[in-house]
Amino acid sequence: MLRDTWLVFCRVMLPVLRNPVAIVFGLAQPLLYLGLFGPLLGDTGWQWFVPGLLVQMALFGTAYAGFSLLPEVRTGVMERLRVTPVSRVALLVGRVGKDVVLLVVQGLLIMLAAMLFGFRASPGEILLGLGLVALLGIAIGSASYAIALKVKLEYVFASVLSSTIVPLMLLSGVLLPMSNGPKWLYWLSRVNPLAHVVDAERSIFNTGSALLGLISASALVLVGVYYGVRTFHRESA
Amino acid sequence: MIKARGLARRFTTKSGPVDAVRGVDIDVAEGELVGFLGPNGAGKSTTLRMLTTLLRPTAGEAIIAGHDLLTDPAGVRRNIGYVGQKNGASLDQQVGDELDFQARFYGLSKHDARRKVADLLERFELQGMEKRAVITLSGGQQRRLDIAMGMLHDPRLLFLDEPSTALDPQSRRNLWEHIRQLKADGTTVFLTTHYLDEADFLSDRLLVIDHGSIVGEGSPDELKNSVSGDLVVLGTPQASIVATKFDNAVVDGEKVSFRVPNGDRALPGLLRDLGDLGVELHSVQVHRPTLDDVFLTMTGRSLREEADAA
């Protein structure tokens with residue numbers, strides 16, 4: 001299993017390493033937020049905004065991961081992999097691993113860039129912050145691949161994504177504090193596990209407890225990975 | 001090598017259940033090259049996907065390459081090669097990398113994988129293309145790469161699903177030679193096709209499937225002989241006289257056609273008899289039945305029409 005996962009990971013990582021420009025392109029969106037939105041929050045806003053941006057990167061970076069699977073399902077690539085004795089779980093985990101590694105690298109680069117603007121973080125905080133982001137990436141990435149495998153069509157997958165990601169993001173408070181809004185909106189955001197992850201990420205770089213967010217993220221990992229593994233098993237029966 | 005009993009697959013669709021495959025029995029001995037012939041939608045690919053663990057049968061059982069399909073699918077996967085209808089190599093990978101990863105998925109060590117990949121690249125005339133991106137290969141090259149990927153672990157049993165679809169005639173011929181070579185090297189081959197010439201040229205034995213059931217079985221020659229005889233076409237002004245001598249004779253102007261068993265041997269005697277009757281002949285033709293005739297006899301439909309319609 002471990003060997004299979006490593007092989008699948010290497011197989012999907014190799015094209016990225018051969019063409020690392022894609023990693024830089026993946027940074028374009030968070031850099032724009034950092035440069036064109038971050039300053040609106042004032043000098044003291046960085047400590048608050050950058051952790052949220054990291055969570056947003058985890059959301060957008062891994063939710064779209066399933067798109068890479070669709071051409072492989074349509075051509076015979078998935079089928080080819082499924083007739084090999086390679087573990088079904090590895091087919092999922094290896095791919096998610098690639099996305100999470102890229103996410104962590106991008107997150108690190110964004111934090112370093114943010115430090116030029118005035119963001120402050122200790123190595124320990126960076127490590128913890130990236131760990132939480134990675135957990136979220138594992139959860140969302142697994143679910144994304146599973147949903148892609150189920151819906152199979154790009155346009156269906158795209159509408160599934162936009163109808164879930166946008167509300168999840170708006171209700172997580174990554175851009176503005178949810179407590180600024182009316183009570184009903186605030187309570188709606190409390191139902192969104194992502195909002196707790198955002199809060200936790202902010203606690204890591206400031207003060208406060210990250211416990212609730214860690215629990216939220218871990219629960220999402222359990223659900224996402226369970227759903228992903230089950231789908232990969234079933235669609236490969 | 002393959003022993004399947006009552007293998008069936010029912011799909012549930014919005015308009016009710018569809019029985020794609022209705023309980024087929026398949027026996028393939030070691031070293032055989034068996035063709036699985038049928039029109040599009042007959043259940044060929046569904047059967048093949050069941051035999052290769054890609055699709056779980058809704059009924060029936062099978063032993064494939066010594067492993068139980070239902071209880072030990074991983075064992076089946078380790079021992080069979082499979083080349084699907086569509087191309088199996090990722091377009092964003094390089095040829096050498098893709099082969100190498102696939103070999104390692106089958107459990108080969110780094111060293112063994114490298115050796116095996118070099119060997120297969122040469123065997124399938126892909127040498128020097130290791131560094132090429134898969135997307136730059138021609139259709140024929142991609143197909144050969146697909147087969148190479150199916151052979152990485154030296155499977156004793158290889159499944160090919162419509163191997164020559166979308167290939168130009170030359171690549172097709174070349175592919176056929178490779179498939180025959182596999183058989184010569186001792187690999188058992190099970191292939192589906194809806195091309196009669198392909199089935200005829202490659203197979204030791206044919207299974208004919210239609211509407212999810214096997215409707216015929218035998219060597220291409222046996223199946224052709226099962227169509228009642230060869231078609232004899234005589235050109236003569238006395239066509240109607242000749243027609244009275246044979247059952248099922250059809251007269252078309254100055255032409256009369258009828259079927260006789262072993263036409264090539266029957267013909268000399270037949271011509272002598274007609275000469276004795278004073279029949280004057282302009283032309284004589286004997287047509288061996290084609291697999292299309294076989295298919296027509298078994299299913300009442302021409303495979304060629306099906307293939308054209310598809």
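The values are calculated or read from the model by the stated rules, or taken from the named source; none is laboratory data. Quick caveat: nothing in here was measured; it's all calculated off a predicted structure. Note that we place each Cβ from the backbone using ideal geometry, even for glycine, and neighbour counts take in every protein chain shown.
So A:Arg82 ticks every box in (1) crowded, with 19+ Cβ neighbours inside 10 Å; (2) more than 12 Å from chain B (Cβ to nearest Cβ); (3) not aliphatic (A, V, I, L, M) but one. Which box is left unticked?
(2)
Six or more apart or on different chains, Cβ atoms under 6 Å: show the pairs whose first residue is in segment A:70-81 and of a type outside the set (A, V, I, L, M, F, W, C) and whose second is assigned to a helix (DSSP H, G or I).
That search, which allows pairs on different chains as well, returns A:Glu72/A:Met78.
Looking at segment A:90-103, can you tell me whether even one residue there is farther than 19 Å from A:Val221 by Cα and not aromatic (Phe, Trp, Tyr)?
no
For residues that are within 14 Å of chain A (Cβ to nearest Cβ) and within 12 Å of B:Thr192 (Cβ to Cβ), tally how many sit in segment B:47-66.
4
Just a yes or no: is a residue in segment B:166-176 buried (at least 18 other Cβ atoms within 10 Å of the Cβ) and at pLDDT 90 or above?
No, because not a single residue in segment B:166-176 is buried (at least 18 other Cβ atoms within 10 Å of the Cβ) and at pLDDT 90 or above.
I'd like to know if segment B:105-122 contains one or more residues that are under 27 Å from the mean Cα position of the chain (by Cα), assigned by TED's automatic domain parsing to the domain that holds B:Gly75, in contact (Cβ under 8 Å) with a residue 40 or more places away in the chain and within 20 Å of A:Met13 (Cα to Cα).
So far as segment B:105-122 goes, yes, one or more of its residues are under 27 Å from the mean Cα position of the chain (by Cα), assigned by TED's automatic domain parsing to the domain that holds B:Gly75, in contact (Cβ under 8 Å) with a residue 40 or more places away in the chain and within 20 Å of A:Met13 (Cα to Cα).
Only one of (1) touching a Phe, Trp or Tyr at 6+ places or on another chain (Cβ under 9 Å); (2) at pLDDT below 85 is not met by B:Asn262, so which one is it?
(1)
For B:Gly81, work out the one condition from (1) within 11 Å of another protein chain (Cβ to nearest Cβ); (2) not in a strand (DSSP E or B) it doesn't fulfil.
Among (1) within 11 Å of another protein chain (Cβ to nearest Cβ); (2) not in a strand (DSSP E or B), B:Gly81 violates only (2).
For segment A:166-186, indicate whether the set of residues that are in contact (Cβ under 8 Å) with a residue 40 or more places away in the chain and in a helix (DSSP H, G or I) is non-empty.
yes
Would a scan of segment A:135-154 turn up a residue that is touching a residue at least 60 places away in the same chain (Cβ under 8 Å), within 23 Å of A:Leu92 (Cβ to Cβ), buried (at least 20 other Cβ atoms within 10 Å of the Cβ) and aromatic (Phe, Trp, Tyr)?
Taking every residue of segment A:135-154 in turn, at least one turns out to be touching a residue at least 60 places away in the same chain (Cβ under 8 Å), within 23 Å of A:Leu92 (Cβ to Cβ), buried (at least 20 other Cβ atoms within 10 Å of the Cβ) and aromatic (Phe, Trp, Tyr).
Tell me the residue from B:Asp197, B:Asp210, B:Asp154 that is charged (D, E, K, R) and within 25 Å of B:Gly96 (Cβ to Cβ), please.
B:Asp154
Looking at (1) touching a strand residue (DSSP E or B) at 6+ places or on another chain (Cβ under 9 Å); (2) modelled with pLDDT of 90 or more, find the lone condition where B:Ala184 falls short.
In the conditions (1) touching a strand residue (DSSP E or B) at 6+ places or on another chain (Cβ under 9 Å); (2) modelled with pLDDT of 90 or more, B:Ala184 misses (1) alone.
Do we have any residue at all in segment B:181-194 that's of a type outside the set (S, T, N, Q), in the same structural domain as B:Leu48 (by TED's automatic domain parsing) and more than 22 Å from B:Arg123 (Cα to Cα)?
yes
Tell me the helices (runs of 4 or more DSSP H) entirely within segment B:212-303 that contain at least 1 residues that are basic (Lys, Arg) and under 30 Å from B:Val21 (Cα atoms).
Correct list: B:220-226.
Could you say whether any residue in segment B:26-46 is closer than 24 Å to B:Ile179 by Cβ, at pLDDT below 90 and within 13 Å of chain A (Cβ to nearest Cβ)?
Yes, because at least one residue in segment B:26-46 is closer than 24 Å to B:Ile179 by Cβ, at pLDDT below 90 and within 13 Å of chain A (Cβ to nearest Cβ).
Can you find a residue that is of a type in the set (Val, Ile, Thr), within 9 Å of chain B (Cβ to nearest Cβ), within 28 Å of B:Asp154 (Cβ to Cβ) and in a loop (DSSP other than H, G, I, E, B) anywhere in segment A:71-78?
Within segment A:71-78 (the criterion being of a type in the set (Val, Ile, Thr), within 9 Å of chain B (Cβ to nearest Cβ), within 28 Å of B:Asp154 (Cβ to Cβ) and in a loop (DSSP other than H, G, I, E, B)), the answer is yes, since at least one residue qualifies.
A quick yes/no check of all residues on (1) free of Cβ contacts under 8 Å to residues at least 24 places away in the same chain; (2) under 28 Å from A:Ser87 (Cα atoms); (3) part of a loop (DSSP other than H, G, I, E, B):
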| position | (1), (2), (3) |
| --- | --- |
| B:Phe11 | yes, yes, no |
| B:Asp19 | no, no, no |
| B:Val24 | no, no, no |
| B:Gly31 | no, no, yes |
| B:Phe36 | no, no, no |
| B:Ser45 | no, yes, no |
| B:Leu55 | no, yes, yes |
| B:Val76 | no, yes, no |
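Out of all the residues in segment A:11-46, which are surrounded by fewer than 16 Cβ atoms within 10 Å (Cβ to Cβ), in a helix (DSSP H, G or I) and either in contact with a Ser or Thr (Cβ under 9 Å, 6 or more places away or on another chain) or polar (S, T, N, Q) (or both)?
Once the filter is applied, which keeps residues that are surrounded by fewer than 16 Cβ atoms within 10 Å (Cβ to Cβ), in a helix (DSSP H, G or I) and either in contact with a Ser or Thr (Cβ under 9 Å, 6 or more places away or on another chain) or polar (S, T, N, Q) (or both), segment A:11-46 yields A:Gln29, A:Thr44.
Go through segment B:179-223 and count every residue that is over 11 Å from the mean Cα position of the chain (by Cα), within 14 Å of B:Pro289 (Cβ to Cβ) and surrounded by fewer than 23 Cβ atoms within 10 Å (Cβ to Cβ).
Residues meeting the conditions: 5.
Each row is one residue, and each column tells you yes or no for (1) surrounded by 13 or more Cβ atoms within 10 Å (Cβ to Cβ); (2) within 14 Å of another protein chain (Cβ to nearest Cβ); (3) not β-branched (Val, Ile, Thr).
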site: A:Leu171; (1), (2), (3): yes, no, yes
site: A:Leu185; (1), (2), (3): yes, no, yes
site: A:Thr207; (1), (2), (3): no, no, no
site: A:Val223; (1), (2), (3): yes, no, no
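Looking at A:Ala139, A:Ala90, A:Ala114, A:Ala148 in this structure, which one is assigned to a helix (DSSP H, G or I) and under 15 Å from the mean Cα position of the chain (by Cα)?
Among A:Ala139, A:Ala90, A:Ala114, A:Ala148, only A:Ala139 is assigned to a helix (DSSP H, G or I) and under 15 Å from the mean Cα position of the chain (by Cα).
Within segment A:58-68, restricting attention to residues that are closer than 27 Å to A:Leu7 by Cβ and away from chain B (no Cβ under 11 Å), which residue is surrounded by the fewest Cβ atoms within 10 Å (Cβ to Cβ)?
A:Phe67
Which residues, counting only those in segment A:18-57, are small (Gly, Ala, Ser) and within 14 Å of chain B (Cβ to nearest Cβ)?
Residue satisfying the conditions is A:Ala22 alone.
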